[in-house]
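Notes for the one structure printed next.
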Amino acid sequence: MPEAVYRHQARTPTAVDDVWKSLQNPDTWATVAGVDTTSDHTHDGTGLTGFRFTTSIAGVTYRGTARVTGSQPGQEMTLAILSNELTGSITVELSGEESGTTLDVEITMAPAGFLGTMIFGVVTSAVSRGFQESVERLAADMS
């Protein structure tokens, strides 16, 4: 089954602790994942654990869920993404420095089901066109 992986690094002048706090807000993840809306946010007392989302691709709205599968405060956070059409993950690794934070963002995705296979090329094309810009916008929004 085909898989697509995209990775980009961006810097923000914001301290790593404040960046980490931003990652606990589902709307922060929407910036990099191309998400239109988030809902049903869940937290476990220490941080975000998941949410539902919608996204539009080529004029069609898709629904899915995001669940935190890895979390090392101040260092790394990974979301597993699942919809009827796609599966994948988004990982943000943080490197705190005196002058701010570097965010290393990676998205991995693969088609799920027949429709996912049919639209995978459209989805990967859209992601590849906007991924670097979305990571830069994510970093800028944190400052």
Q) Hey, rough spin-label estimate for S56 and N25, points 7 angstrom out along Cα→Cβ, what's it come to in nanometres? A) 2.3 nm
Q. If you count, for each residue, the other Cβ atoms within 10 Å and average over each peptide, how do 18-31, 61-74 line up from highest to lowest?
A. 18-31, 61-74
Q. What number, rounded to the nearest 500 deg cm²/dmol, is the helix-based mean residue ellipticity at 222 nm of the chain, given -39500 (n - 2.57) per DSSP H run of at least four residues and division by all its residues?
A. -10500 deg cm²/dmol
Q: Report the full-extension gain for the segment M118 to D141: residue separation times 0.36 nm, less the Cα-Cα distance, to one decimal in nm.
A: 4.9 nm
Q: Return the Cα extents of the chain along principal axes one, two and three, sorted largest first, each rounded to a whole Å.
A: 47, 32, 25
Q: Kindly provide the GluC sites (Glu not before Pro) of segment 56-143 that DSSP labels as loop, not H, G, I, E or B, and whose Cβ sees at most 13 other Cβ atoms within 10 Å.
A: E98
Q: Can you tell me the relative contact order of the chain? Whole percent, Cα pairs under 8 Å, sequence separation 6 or more.
A: 31 percent
Q. How far apart, in nm, are the 7 Å Cα→Cβ label points at A80 and T37?
A. 2.6 nm
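We did not get these values from a lab; they are worked out from the coordinates using the rules stated. Source: prediction; values computed, not measured. Glycine gets a Cβ as well: all are built from the backbone with ideal geometry, and neighbour counts include every protein chain shown.
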